[in-house]
Structures are given as C-alpha cells and as structure tokens.
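To start, the structure itself, in structure tokens.
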Amino acid sequence: MTLQQFLNSKNFNSEINEILLNIESGSIKMYEKINEETDDIFGSSGQKNVQDEEVQKLDLIANDIFIHAFNTNSNIAKILSEENEDIIDLKNNGKYLIAMDPLDGSSNIDVNIPVGSIFSILKNTEDGFLQNGANQKLACYVIYGTTTMMVFAINQAAYGFTLNTKNKQYVLTHPNISTPNTGNIFSINEGNFNSMEKEIIEFINYCKELNPDGKRTHTGRFIGSLVADFHRNMLKGGIFIYPTTADRPQGQLRLIYECNPIAFIAKCSGGDSTNLTQNILDVKPKNIHQRTAFVVGSKQMVNQLLSLYKV
Ligand code: AHG
Ligand code: MN
Ligand code: MN
C-alpha cells in the first residue's frame, strides 16, 4: 500500500493529508540530494546558527527543501525551524503550525551515518508554538539510513513507510507500530558520564550489571542521531537518555521540534517519555528554541529510571 493509498483509506482531514504529502515530497528531494546527486552535501556552510552551532551545508539544504515544500500550503500559518532564529510567518490564516528540525544528526553527515528530519504539527492557536506537546495533531520523522523511512503518529497510532527508490513511492511497511514494553538497549553519550546526575549514573551501572551467568544484561547503542537512535529503540525495545550535563546544563535536545514529536510518536506506539520531572508532553514551553533533558523509550525502562529518583 502506498502512502497515497493509505491516506485514501483513512479519514484524516485534508489539511493533514496535504502536510504529509509536503513532507513526502521534501523527503524524496532529500533522498535524491543525498543518494543520487551527492554534489556539495559535505562539510560546513561556514555559518553558525542561533544556538551557536556550526551549520553544515546539508542543514541549509534540508531547511530550504522543507520550507519550500510547506511554503505553498495555505493550511500552514507559520514554520519554526532549528535553523531560523525567528518564526517564519507565511502570512496566511492557515489552521496549522509546523515546528521542524530539518536535519537531525548533523555531526553524522560527513561520516555516512543515518540522519533524519523531524516535524511537529500543532493547531494554530493564540499560544502559537508555546503549546504542550500533548496538543500535537501529528508528529513525523524521516530517517535517511539503510533505507529512507517516513514514520508518523496520529490519532494514537504510529505508522512506518519505506521509500521504494525505483518508483519514488513510500510503501506501508510498518502498520501500527507497537514498541516492546521493555528491551535491552540503552542509548546515552557516556562521554558525559562524570557530569551526570547520580541517578543517571546509577541507571547506567544497573544496565551494565551481569546476569548470574556472568553475561551482559543490556547492550549500549548511541550513534548521535536522535532519529536513528530512537527508531532502533522503538522497534527493538530500549531507552534513550540525554540528561543535563556540565556541557549542556539545560540538556542538549530542543523541546519543541526534537523531543515533543519524538515523545508523541513514542506515546502512540506504546512507549513513554520524561524530562525526569514530568512527562515531556506536559511541559509548557517558555521559548521556541528551549532545550530540555530527555528520556524516551520502552515504558518499563523509563519507569525503572524514574524509580531511582523517588528513593
Ligand atoms: P542536530 O544535528 O539537529 O543539532 O541534533 C543533534 C542531536 C541529536 O540528534 C543527538 O542525539 C545529539 O544531538 C547528540 O549530541 P552529542 O554529540 O552531545 O552526543
Ligand atoms: Mn536534531
Ligand atoms: Mn538539526
């Protein structure tokens, strides 16, 4: 079943369908850029973004591709992008807002490790982008990896489509994704080990405990592209943790366009998320590029970590 056939079979409203088709077309352009054209996709653009991070050429290409894809959609009033300090006002009364990380995993572009794009779709209300993640109508990511996949969540369900690169059609390969309640993968950048809260250290040590046979109980996986780390854990069962650290006192990941959409997809597939104080989806954002501590994954594992904070 192609994406278009899938949309025909569902009763999402036409605005949502149009947004999904915008993401489809933008992501196919991204696939073509990365895998077919390959010209000028590596290295730095020489610019820095609002968060003082070096902007890669592919960050800008992705930003342009998706802004262009959404530009002509009169249902979209505003776009918030990681790569733009200010909100982009499309100057129409569209019903929806889009927050995006056009290229997630920038540090992996030049070393041939999967990268992604992340989208959060909100209703255009007077709170603008400063709404709880629970308000999201649709959340989506694309992963440009071994295959190109588009995953989205809507109406409590999550679906995965894989790009057939011969005819450039997304095909439904993962109907109703359901994440395992627990798993054996833990994903964290242990370079930050010595500046993490003691509960996180305790949890990592728990993951490294051996079973009575002296064999490992968990496996560690962290590749530095949130989309890819989350996607693997969602399918196999696991936990992703990016806590506050000395280098990132507020956390590394951005609430509105990284954590919220991933947390929404996690929830719709049966997983859970937290900022270690409350559910990520219940956090009311204070500013558009706000960072947060982020934990997402299998319910039982998230609860296990949270239980360490209660003693
Ligand atoms: P981005 O490329 O959009 O800036 O996001 C990178 C994020 C995320 O994808 C990843 O999990 C994390 O940063 C990695 O951070 P560290 O390099 O500190 O591990
Ligand atoms: Mn990112
Ligand atoms: Mn990014």
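Legend: residue pairs Lys57/Lys284; Lys10/Lys137; Lys267/Lys299; Lys78/Lys123; Lys33/Lys168; Lys33/Lys236, Cα-Cα distance threshold 21 Å; pairs beyond threshold, Lys57/Lys284; Lys33/Lys236. Taking the accessible area of the stretch 168-276, probe 1.4 Å, and keeping the other protein chains in place, the carbon and sulfur fraction comes to 46%.
Across the chain, the mean sequence separation of Cα contacts (distance under 8 Å, 6 or more residues apart), normalised by length, yields a relative contact order of 16 percent.
Computed from the C-beta positions of Ser25 and Leu210 and an R0 of 51 Å, the FRET efficiency is 0.55 to the nearest 0.05. Just want to confirm a number: the relative contact order over the stretch 152-311, from Cα pairs under 8 angstrom separated by 6+ residues, in percent. Contact order relative to length: 27 percent.
Provide the packing ranking of 181-194, 30-43, i.e. peptides ordered by the mean count of other C-beta atoms within 10 Å per residue, highest first.
Working: 181-194: 16.9, 30-43: 13.6.
In descending order of packing, they fall as 181-194, 30-43.
The listed peptides 87-94, 199-206, ordered by packing as a protection proxy, come out as 199-206, 87-94 (highest mean of other Cβ atoms within 10 Å first). Peptides 271-280, 66-75, 302-311, 116-125, ordered by how many other C-beta atoms sit within 10 Å of their residues on average, highest first, read 116-125, 271-280, 66-75, 302-311. Solvent exposure of the chain, expressed per residue, is 44 Å² of accessible area, with all protein chains present and a 1.4 angstrom probe. Modelled spin labels at Phe193 and Thr125, positioned 7 Å past Cα toward Cβ, are 4.4 nm from each other. Candidate membrane-span-like segments in the chain, meaning DSSP H helices with Cα atoms spread over at least 20 Å of their own axis and a Kyte-Doolittle mean of -0.5 or above, are 14-32, 57-71, with no membrane implied. Between Ser14 and Ile223, the modelled labels are 4.0 nm apart [label points 7 Å from Cα along Cα→Cβ].
Counting pairs of alpha carbon atoms under 8 Å apart in space and at least six apart in sequence, what relative contact order in percent does the stretch 3-174 give?
With pairs under 8 Å counted, the relative contact order is 15 percent.
The calculated FRET efficiency for the pair Glu37 and Lys236, based on their C-beta separation and a Förster distance of 41 Å, comes to about 0.80.
The values are calculated or read from the model by the stated rules, or taken from the named source; none is laboratory data. Just so we're clear, the structure is a prediction, and the values are computed from it rather than from any experiment. Neighbour counts are summed over all protein chains in view; Cβ atoms, including those assigned to glycine, are modelled from backbone coordinates with ideal geometry. Ligands, DNA and RNA are stripped out before the accessible areas are found, and what is left, the full protein with its side chains, is counted by its heavy atoms. Shrake-Rupley method; radii C 1.70, N 1.55, O 1.52, S 1.80 Å.
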